[in-house]
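The values are calculated or read from the model by the stated rules, or taken from the named source; none is laboratory data. Because the structure is a prediction, the values reported are computed rather than measured. Methodologically, a virtual Cβ is constructed for each residue, glycine included, from the backbone with ideal geometry; neighbour enumeration extends over all protein chains shown. With ligands, DNA and RNA removed, areas are computed over all heavy atoms of the protein, side chains included. Shrake-Rupley method; radii C 1.70, N 1.55, O 1.52, S 1.80 Å.
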Amino acid sequence: MTSLSPWWTREHVPRLLTDLVAAEVARLRPGLLGLRNALEPIAAAAAERIGPGLGRDLGTLELDSLEFLDLATVVVVQFHLHETGLDDDLMASRHLGEWADLILRSRARWDEAISFQTSGSTGRPKLCTHSMPFLEQEIAYFADLLRDRQRVLSAVPAHHIYGFLFSVMLPALLGIPVRNVRDTLPGSVLRRACAGDLILGHPSFFDLATRTPVAVADDVMALTSTAPCPEAVWRRLGAASFARVIEIYGASEIAGIGIREALDAPFRLLPHWSRVAGSHDRIRRWRTADEAVESELPDHVRWLDDHAFHVTGRRDGAVQVGGVNVFPQRVRHCLCEHPEVADALVRLASVERGGRLKAFVVPGPACLETERLPERLQLWLAERLTPAEQPRSITLGSHLPRSVQGKAMDWD
């Protein structure tokens, strides 16, 4: 039995579970909206009273047996309950409070690693396992960097690595409160922020927050990650008079890698990372003089020296929609499976045009009524994709837009 780390508490674990359960059920049932809001009162009750007697709160989700098995498995895997033999106990309960209690009991016995799931290019969840000592090493650096913050306003889910590090581990280390602001208008979050606040967001959140001119209070900081912050958003954040804006470059597989605090500045490796000598895409992380791990960078980069670099493009073809990684090729494949589609192209629209996916579709011979094909395709996609993956516009044409060299082109 070990003493629990400060983030394994009755305040933080129910929040983690709420976001994890909502995300997994939404994945199982694409298009299901408002689920997290329905779960938050349950999480609040669980935070006050963990254990029996909370009622069959998970029963309100009306999960069938396979969905419940899927959900329970995701919880077991993320928190490694199998390491302590408490995974079977999870199956015996339908109480969110009891699940949180099992996680706390398990973490008191074994706290070596935690896993996060992220969508791969096929849409299947990809498991990323992290050593807790490595995450503690990283967040200790940021806790020192952000030691004067008084509150965290979080616009990101807690069950992904970025949210776990900065809306769970960071406030726990600093002993400060965290407030979920995902259901508040982004611009309102900025206007209501107080001195000493850290606003935890992503580029899409800050884009929406600064669509109209806004000036934040003195001594408010912004933290952004999950995708490159566009130039226009950087400039608007500067105009909003933030005391400091920090962009974190990282990946679900290896957590934080580097930071920068200006649009034109390169990223600099976090202190625990170093570039592998002679390599363009590998970095090494040292925890002790004898313990290290090498990782491949998720993107193509241009090194300025052994510590500073510019990111030049992703390797896996993912794009960001609302802070979520989505894969246009997966969406294209889904469109092409429709019997009325001969071919398709999917791209990310510009920030100025909403920053969502858009699709160009060539109808096939089986399409007898093209006028309403986009509507039929939207219904088809809603049953198969998450909201972030669904194109917001579908353009029809007799052939895909291509340049004279035959390369795929953008379209209006």
Looking only at segment 359-385, how many residues end up being open to solvent by less than 40 Å² (accessible area, probe 1.4 Å) and in contact (Cβ under 8 Å) with a residue 40 or more places away in the chain? 5
Candidate set: segment 5-38, residues that are within 30 Å of residue 390 (Cα to Cα) and open to solvent by 60 Å² or more (accessible area, probe 1.4 Å); chosen: the one modelled with the highest pLDDT: 15
Counting just the residues of segment 376-412 that are under 18 Å from residue 333 (Cα atoms) and of a type in the set (Asp, Glu), which one comes out nearest to the chain's Cα centre (by Cα)? 389
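When you go through 220, 233 one by one, which is the residue that is touching an Asp or Glu at 6+ places or on another chain (Cβ under 6 Å), within 24 Å of residue 158 (Cβ to Cβ) and without any contact (Cβ under 8 Å) to a residue 60 or more places away in the chain?
One residue alone meets the criteria, 220.
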Hits in segment 173-212 (condition: open to solvent by 60 Å² or more (accessible area, probe 1.4 Å) and of a type outside the set (Gly, Ala, Ser)): 173, 177, 179, 182, 183, 185, 191, 192, 194, 208, 211, 212
Residue among 134, 142 that alone is closer than 30 Å to residue 218 by Cβ and either aliphatic (A, V, I, L, M) or in contact (Cβ under 8 Å) with a residue 12 or more places away in the chain (or both): 142
Quick one: how many residues across segment 290-346 are under 20 Å from residue 388 (Cα atoms) and more than 24 Å from the chain's Cα centre (by Cα)? 6
Residue list for segment 252-297, restricted to those being open to solvent by less than 40 Å² (accessible area, probe 1.4 Å), within 17 Å of residue 131 (Cβ to Cβ) and without any contact (Cβ under 8 Å) to a residue 24 or more places away in the chain: 273
Could you check how many residues of segment 310-324 are among the polar types (S, T, N, Q) and either open to solvent by less than 40 Å² (accessible area, probe 1.4 Å) or over 27 Å from residue 266 (Cβ atoms) (or both)? 1
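Inside segment 222-251, can you point out the residues that are farther than 21 Å from residue 301 by Cα and open to solvent by 10 Å² or more (accessible area, probe 1.4 Å)?
Taking segment 222-251 first, the residues farther than 21 Å from residue 301 by Cα are 222-223, 232-233, 235-245.
Selection gives 232, 235, 236, 238, 239, 241, 242, 243, 244, 245.
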Being in contact with a Leu (Cβ under 6 Å, 6 or more places away or on another chain), among the basic types (Lys, Arg) and in contact (Cβ under 8 Å) with a residue 24 or more places away in the chain: is that true of residue 179 here? yes
Inspect all residues belonging to segment 332-346 and state whether any of them is within 30 Å of residue 260 (Cα to Cα), touching a strand residue (DSSP E or B) at 6+ places or on another chain (Cβ under 8 Å), of a type in the set (A, V, I, L, M) and open to solvent by less than 20 Å² (accessible area, probe 1.4 Å). no
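Can you tell me which of 300, 307 is open to solvent by 30 Å² or more (accessible area, probe 1.4 Å) and touching a Gly at 6+ places or on another chain (Cβ under 8 Å)?
None of the other options fit; the residue is 300.
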